[in-house]
Amino acid sequence: MIAFAAMNATRLPPAILIMGPTASGKTAVAMALADRFPVELISVDSAQVFRDMDVGTAKPDRATLARYPHRLIDLITPEESYSAAKFRADALAAMADITAAGKVPVLVGGTMLYYRALLHGLADLPQADAALRAQIDAEAAAEGWPAMHSKLALLDPATAARLHTTDSQRLQRALEICLLTGRPMSELLAESEKQKPPYELLSIGLLPSDRAVLHERIARRFDEMLLGGLDDEVRMLRQKYQLNADLPSMRCVGYRQTWEVQDGIIPKKELRERGIFATRQLAKRQITWLTNSFEAENYDCLDPALADRVSTRVADFLSA
């Protein structure tokens, strides 16, 4: 294993971010780094925080986690909620612990909102208002979420531009903030104090040179989830926990579509097509976030020599 040079007194401790869309090979790159450098891995995945949600989140299996432990996996039950603010606090604590042990934190995952919270802090946004949320949900039930997206575009064009027309959870929150504060959420976020963590950061972005190939990877991965028992996993979760379709855990890609099949909302024959489509839309949003909102050194995630190229850059970074 390659050690990193002793830091001088004025240099901040190093940390590495491995960002990219789903199926871009982030975990494989992170594990390659763990084989070569004194690092520890921290998951940046809003779905892998849930216990017992393994198949549909592409969570590393037990043998992999035993060899390459990931912090911030399996934190809560699917009945509970996790937030960007909680992630920031947990991630900073884990980073401090890893640094104190003389190792380098490597944060790996595709939840771009969590990266934003970590790097820039969080705006002072209002707490959820149950009555207002119920009102928004009632309007959405009557008019549809695309119509609510159009309403948001009038109140907060910047936020509407980055949200999908059917992203009900985020549309609801953005509308709620606009109506509670009388100001766009994008404006409030822009005013948030920059709270860059006390680390010298190397941000690595994994982006596809050919999106069609990434789409093929996504299709293969979803097929593996179906063969791996995604339907059985959702049935088990529904029996073990008190769940409903509106919980964040069951809004995750793959789980939402499987739930709808089990409830007879969509026919089973459409599960594969809908799951793959939803995952491709997720990847598209992740790529947009990564290219527009982060200053990362980007690498082609389809490059067969990807792990070696990233490792070479990390070696330079740690020895500087």
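Which FRET efficiency value, to the nearest 0.05, is calculated for residue 161 and residue 300 with the Förster distance at 22 angstrom and r the Cβ-Cβ distance? Mind dumping the intermediate values first?
Numbers: r = 27 Å, r/R0 = 1.22.
With a Förster radius of 22 Å, E is 0.25.
Remark on residue 203: its backbone amide H falls under 5 Å from those of 17, 297, a criterion applied only to residues 5 or more positions apart or on other chains, H modelled at 1.01 Å from N.
Comparing 149, 27, 110 along the charge dipole axis of the stretch 1-152, the residue lying farthest to the positive side is 27, per the Cβ-charge model. Of the GluC sites (Glu not before Pro) found in the stretch 246-320, those that fall in a DSSP loop while having at most 10 other beta-carbon atoms within 10 Å are 295.
Work out the FRET efficiency for residue 137 and residue 212 from their Cβ-Cβ distance, taking R0 = 25 Å, and round it to the nearest 0.05. In this case the efficiency is close to 0.10. Largest GNM mean-square fluctuation across 264, 275, 56, computed for the chain with C-alpha springs under 10 Å, falls on 264. In the stretch 36-64, whose amide N lies under 18 Å from the spot 7 Å out along Cα-to-Cβ of residue 11? List them in ranges. Output list for this probe position: 37-40. The trypsin sites (Lys or Arg not before Pro) of the stretch 43-141 include none that meets both conditions, a loop assignment by DSSP and at most 12 other Cβ atoms within 10 Å of the site Cβ. Charging the Cβ of each Asp and Glu at -1 and of each Lys and Arg at +1, and nothing else, the dipole of the chain about its Cα centre rounds to 320 debye. Given the pairs 26/59; 59/103; 240/269; 26/240, which span a C-alpha to C-alpha distance of over 22 angstrom in this model? Going by Cα-Cα distance, 59/103; 240/269; 26/240 fall outside the 22 Å limit. Between the stretch 35-92 and the stretch 261-295, the alpha-carbon centres lie 21 Å apart. Bridging of residue 151 to lysines at a Cα separation below 24 Å is possible for 284, once same-chain residues fewer than 8 apart are set aside.
Every number in this text was worked out from the coordinates using simple rules, so none of it is lab data. Fair warning: this is a prediction, and the values are worked out from it, not measured in the lab. For neighbour counting, all protein chains shown are included, and Cβ atoms are generated from backbone atoms with ideal geometry for every residue, glycine included.
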